[in-house]
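Trainee: To start, I am sharing the structure in question, which I have written as structure tokens.
The values are calculated or read from the model by the stated rules, or taken from the named source; none is laboratory data. No experiment lies behind these values; they were computed from the predicted model shown. Cβ sites come from the backbone with ideal geometry, for glycine too, and all protein chains shown count toward neighbours.
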Amino acid sequence: MKKNSTPSSAKKNGRQSTAKGNTLLIILLIAACLIVYGNSIGYNFTNWDDPVHVLENPDIKSLSAQNVLNMFSVNERYMYHPLTIISYVINYSFSGLSPGGYHFLNLLLHIGNALLFFIYSCLF
């Protein structure tokens, strides 16, 4: 009688082709993010909410205890999104009020979110 077993080389080749396919999809996701959002690095701030949240916001200029308290308090300026304001503090510490740094961090966040979504979708 013949045993019904799969050779280990076939299993290994299946995993390798899946890994190659996933690598290609990851590269395509990163490329898509770069194509869609990459040109924003050269743009200026917008007039929508950037003046209030970045340009005129004294709380992003340092990570003092009072500024952190302000970030985690609900007030008219922030509309309670402390993680966004903390990202502005990080941006300000690296690039001051240069919009390219803020847009670059947003590009990295878009790439990171796309990759997290891809990894999550591979689980199901």
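Trainee: So, of the residues in the stretch 40-59 that are modelled with pLDDT of 90 or more, outside any loop (DSSP other than H, G, I, E, B) and of a type in the set (A, V, I, L, M, F, W, C), which turns out to be farthest from residue 103 (Cα to Cα)?
Mentor: Selected residue: 55.
Let's see how each residue does on (1) surrounded by fewer than 17 Cβ atoms within 10 Å (Cβ to Cβ); (2) more than 17 Å from residue 54 (Cα to Cα):
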| position | (1), (2) |
| --- | --- |
| 87 | yes, no |
| 96 | yes, no |
| 101 | no, no |
| 104 | no, no |
| 109 | yes, yes |
| 117 | yes, yes |
| 121 | yes, yes |
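Trainee: Take the stretch 91-118 and flag every residue that is over 14 Å from the mean Cα position of the chain (by Cα) and not in a loop (DSSP other than H, G, I, E, B).
Mentor: 92, 93, 94, 95, 99, 100
Trainee: Go through (1) more than 22 Å from residue 118 (Cβ to Cβ); (2) assigned to a helix (DSSP H, G or I); (3) modelled with pLDDT under 90 for residue 18 and report which single condition fails.
Mentor: (1)
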